[in-house]
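Undergrad: Quick one: the structure is below, and I'll ask about it shortly.
The values are calculated or read from the model by the stated rules, or taken from the named source; none is laboratory data. Not measured: the values here are computed from a predicted model. So basically every Cβ, Gly included, is an ideal-geometry build from the backbone, and we count neighbours across all protein chains shown. In case anyone asks, the SASA skips ligands and DNA or RNA and just uses the protein heavy atoms, side chains included. Shrake-Rupley method; radii C 1.70, N 1.55, O 1.52, S 1.80 Å.
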Amino acid sequence: MVGAKAYSPFFCPRGHPIFGNILAMVHTKMINAHRKFAIMKPAWAADEDDDNRDGDGGPDTGVAIKTRPKVKKPSMYKVLMLNDDYTPMEFVVHILERVFSKNADEATQIMLHVHQKGVGVCGVYTYEVAETKVTQTMDLAKKHQHPLQCTLEKE
């Protein structure tokens, strides 16, 4: 095997032609085995015209994809304060500062708006937060014996 040294990548270092041939056969079998697996289709790449739909795990078996539901924004509610002739203006400002976290200027503006127009918006919140603020306002007014009324309305 004189030509094996010059051209064969499977040249045996000791120059033995049998070992070189064995290496060549093993290499050829590996290539053929690789080709065999390379032309097989995975289950997810099955053709659309395959009619193997009996659920036996054949080529038409797929992966279930879980979709996330769209989350919609919560409805917002306005907290409205109603005017009355008996609740002191200072108490209304105190409520706006304490319950609704308004600064002194904002609280005064809202209080004057309620006094002049009869109703005013204290803030806009989700339902649970708005309901809590209405309850806190009503409880403080009742505790201090004022008839202050507060309600909520969908925006």
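Undergrad: Identify, please: which residue in segment 114-127 is under 28 Å from Pro74 (Cα atoms) and outside any strand (DSSP E or B) and is, among those, most open to solvent (accessible area, probe 1.4 Å)? Let's see the steps before the verdict.
TA: Of segment 114-127, the ones under 28 Å from Pro74 (Cα atoms) are 114, 119-127.
Still in the list and also outside any strand (DSSP E or B): 114, 127.
On the way: Val114: 7, Tyr127: 91 Å².
Filtering segment 114-127 for residues that are under 28 Å from Pro74 (Cα atoms) and outside any strand (DSSP E or B), the one most open to solvent (accessible area, probe 1.4 Å) comes out as Tyr127.
Undergrad: Thr87: closer than 12 Å to Thr137 by Cβ, assigned to a loop (DSSP other than H, G, I, E, B) and of a type in the set (Val, Ile, Thr), yes or no?
TA: Numbers: closer than 12 Å to Thr137 by Cβ: yes; assigned to a loop (DSSP other than H, G, I, E, B): yes; of a type in the set (Val, Ile, Thr): yes.
Yes, satisfied.
Undergrad: Checking Lys102 against (1) basic (Lys, Arg); (2) buried (at least 17 other Cβ atoms within 10 Å of the Cβ); (3) in a helix (DSSP H, G or I), only one condition comes out false. Which one?
TA: With respect to (1) basic (Lys, Arg); (2) buried (at least 17 other Cβ atoms within 10 Å of the Cβ); (3) in a helix (DSSP H, G or I), Lys102 is out only on (3).
Undergrad: Conditions: (1) exposed (fewer than 15 other Cβ atoms within 10 Å of the Cβ); (2) under 41 Å from the mean Cα position of the chain (by Cα). Ala130 meets all but one. Number of the miss?
TA: Here Ala130 meets the rest and fails (1).
One line per residue, one yes/no per condition, for (1) free of Cβ contacts under 8 Å to residues at least 24 places away in the same chain; (2) at positive phi; (3) surrounded by 10 or more Cβ atoms within 10 Å (Cβ to Cβ); (4) not aromatic (Phe, Trp, Tyr):
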residue	(1), (2), (3), (4)
Ala64	yes, no, no, yes
Val71	yes, no, no, yes
Leu80	no, no, yes, yes
Tyr86	no, no, no, no
Ile95	no, no, yes, yes
Arg98	no, no, yes, yes
